[in-house]
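The values are calculated or read from the model by the stated rules, or taken from the named source; none is laboratory data. For clarity, every value in this text was computed on a predicted model and none was experimentally measured. Cβ placement follows ideal geometry from the backbone for every residue including glycine, while neighbour counts extend to all protein chains displayed. Just the protein is used for accessible areas: all its heavy atoms, side chains included, with ligands, DNA and RNA removed. Shrake-Rupley method; radii C 1.70, N 1.55, O 1.52, S 1.80 Å.
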Amino acid sequence: MSGPCQAVRLVAKALNLHLNLINVDLGKEEQLKPEFIKINPQHVIPTLVDDGFILWESRAILAYLCEKYAKEDSLYPRHPQKRAVINQRLYFDMGTLYQRFALHYYPQVLEGKPAPEGTFKQFEDALQFLETFLAQSKYLAGDSLTIADISLLATITTFKVAAGLDLSRYGNIERWYGLVSASVAGHDEICVQGSKQFAPFFINAKQ
């Protein structure tokens with residue numbers, strides 16, 4: 001169900017990498033088991049173990065997989081300025097867009113509490129930032145697909161499919177989503193199906 005986990009799976013698929021997936025059931029607090037905390041004291045998912053090297057935070061994992069395994073650099077260009085824009089978009093996804101989504105919705109869907117006051121407006125502001133970014137280029141960080149697009153694809157799919165948000169008033173986001181969702185291999189299988197499993201949690205959530 002996790003968008004960040006979905007993004008890692010999509011990038012691995014794009015790089016033709018096989019992942020040995022191990023499901024961690026957060027509902028059963030399997031992330032707090034001693035064997036998991038031993039490899040990741042922050043006990044978050046996704047967590048990657050690659051031949052003894054351990055890494056978490058999905059956007060860091062996306063960059064690592066490209067740097068180690070990509071046969072060419074189209075998904076994560078080595079050009080300093082191109083890479084800087086990609087990194088900025090990844091940090092925006094993690095620290096602004098998804099963070100504001102979680103701030104508004106997660107108290108409702110995971111704790112049964114009302115959303116903190118003003119959080120949906122903050123979330124809408126973040127969507128408007130994304131709308132502005134996408135007015136400047138075909139893809140999120142330029143004129144070609146990168147890991148920034150894949151990360152945000154998982155995020156926006158969560159918004160649309162799991163939370164049932166209508167983003168039709170954001171024309172640039174909708175144009176980009178149509179383009180990227182149709183071109184990234186595994187989107188339906190990984191993101192859409194995973195988000196459908198998450199959707200029941202949002203039934204009573206309010207904007």
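Taking a ≥ b ≥ c as the square roots of the eigenvalues of the alpha-carbon gyration tensor, region 146-207 is classed oblate because a/c is 1.5 or more while a/b is no larger than b/c.
Counting only C-alpha contacts under 8 Å and six or more residues apart, can you give the relative contact order of region 3-69 as a whole percent? Please list the in-between numbers first.
On the way: 55 pairs, mean separation 22.7, N = 67.
Once divided by the residue count of region 3-69, the mean separation gives 34 percent.
Cα-based values for region 1-117, radius of gyration first and Dmax second, are 16.0, 47 Å. In this structure the chain gives 53 Å² per residue of accessible area when probed at 1.4 Å with all protein chains present. When peptides 185-196, 95-106, 41-52 are ranked by their average number of other Cβ atoms within 10 Å per residue, the highest-first order is 95-106, 185-196, 41-52.
The value of relative contact order for the chain, using C-alpha pairs under 8 Å at least six residues apart, is 27 percent.
Surface composition of the chain: carbon plus sulfur atoms hold 53% of the accessible area, using a 1.4 angstrom probe and ignoring ligands, DNA and RNA.
Within the listed set Arg169, Arg83, Arg59, the Gaussian network model of the chain (springs between alpha-carbon atoms below 10 Å) gives the highest mean-square fluctuation for Arg169.
On a 23 Å Cα-Cα criterion, which of the cross-link pairs Lys82/Lys138; Lys28/Lys121; Lys138/Lys160; Lys13/Lys71; Lys82/Lys196; Lys13/Lys196 come out too long?
Values: Lys82/Lys138 14 Å; Lys28/Lys121 33 Å; Lys138/Lys160 21 Å; Lys13/Lys71 13 Å; Lys82/Lys196 34 Å; Lys13/Lys196 20 Å.
Going by Cα-Cα distance, Lys28/Lys121; Lys82/Lys196 fall outside the 23 Å limit.
Taken over region 48-176, the convex hull of the Cα atoms encloses 120 Å³ per residue.
For region 3-69, what is the Kirkwood hydrodynamic radius in Å, using each pair of distinct C-alpha atoms? Can you show the working numbers first?
Working: mean 1/r = 0.0806 Å⁻¹.
Radius from the Kirkwood sum: 12.4 Å.
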